[in-house]
Each structure stands twice: as structure tokens, then as C-alpha cells.
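Here, each number is a calculation from the coordinates, and none is a lab measurement. Note that the coordinates shown come from a computational prediction; the quantities given were computed from them, not determined experimentally. Methodologically, a virtual Cβ is constructed for each residue, glycine included, from the backbone with ideal geometry; neighbour enumeration extends over all protein chains shown.
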Amino acid sequence: MENVINFLKDTRIFYVATVENGKPKIRPFGAVMLFENKLYISTSNTKEVYKQIIKSPNISICACNDNRKWIRIEGIAKLDNRISAKQKMLDENPALLQNKRFSSAHDQTMAILYLDSPSINFY
């Protein structure tokens, strides 16, 4: 799983696909971490992407690096509200604090999700 996280971090931007009203929605993400051997992403619980994931937790992640190698990850996103997981996300992705996206691991709007039993393919 470490090679997956490193690939996503190296690309700096990866794309998360969700579903809304039966239609695909995709947007860029940047915060990712490995915690307890699981891939985690972060968003705000005030965003539409969060509402889409809660309603339909099957998501896909896709990223491509400068060498035209790419990855596709599919799985079921599950919410993790533990402060320890949130703090690790902030520690590994300081831009979340620097950009004032979140104020601390206790920020009530911070949502972190992990992928349960992901399917991972490198191309």
C-alpha cells in the first residue's frame, strides 16, 4: 500500500470520482495518507463531494504521473472520526492547515475517509 500512497503523493493531484443522481462527478484532490495500512483522503463535510460519498460510498481514484504511468483505485469509502487519524492527516498534509482549510484535528468540518478493500491497478 505504501507504493500506492507514494505514487499519489508524487503526482500531487489525483482525481476522485463519485456519483450524484446517477451521474459521475469527478474532482481534484491532493491530501492523502497511509494510516493503519489504509489509504485515506480528506475533505470537508460541508462539500458536495462529502454528501455524495456518504450517500453512495463507492468511489474511484485516478492519477497519472509525469512518466505517463497511471493508477486506478476503486473501493468503498468509510468515515473515520478519530482525532488520531485526523491529526496524522494534518501532519502529513500541512497545506490543509496552511491554506486554512481546517484549523486543527478537532475541526468539526474535517472529514477523513479510508478505502475499504480497495481494488488497485497500475498501468
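Take the Cα of Asn58, step 7 Å toward its Cβ, do the same at Phe29, and the gap between the two points is 1.7 nm.
When the chain is treated as a Gaussian network with alpha carbon springs shorter than 10 Å, the biggest mean-square fluctuation among Lys47, Lys23, Lys86 belongs to Lys23.
Translational diffusion coefficient of the stretch 32-123 at 37 °C, 0.692 mPa s, Stokes-Einstein with Kirkwood Rh over Cα pairs, in µm²/s as a whole number. Estimated via Stokes-Einstein, D reaches 236 µm²/s.
Between Ala95 and Phe122, the modelled label-to-label distance comes to 2.3 nm, taking each label 7 Å out from Cα in the direction of the beta carbon.
Checking the cross-link pairs Lys25/Lys51; Lys38/Lys69; Lys47/Lys100; Lys23/Lys51; Lys23/Lys78 against a 18 Å limit on the alpha carbon distance flags Lys38/Lys69; Lys23/Lys78 as lying beyond it. Centre-to-centre, using Cα atoms only, the stretch 73-123 and the stretch 1-66 are separated by 9 Å.
Here the Karplus curve 6.51 cos²θ - 1.76 cosθ + 1.60, taken at θ = phi - 60°, turns the phi angles of the stretch 41-53 into couplings of 10, 10, 8, 9, 6, 8, 8, 4, 4, 4, 4, 5, 5 Hz, with x standing for Gly and Pro. Listing Glu2, Glu74 from fewest to most neighbouring C-beta atoms within 10 Å gives Glu2, Glu74. Pairwise Cα distances in the stretch 1-65 exceed 21 Å in 24 percent of cases.
Neighbour counts of other Cβ atoms within 10 Å put Tyr40, Tyr114, Tyr123 in the fewest-to-most order Tyr123, Tyr114, Tyr40. Per-residue ellipticity at 222 nm computed for the chain from its helices equals -7000 deg cm²/dmol, with DSSP H segments shorter than 4 residues left out and the rest contributing -39,500 (n - 2.57).
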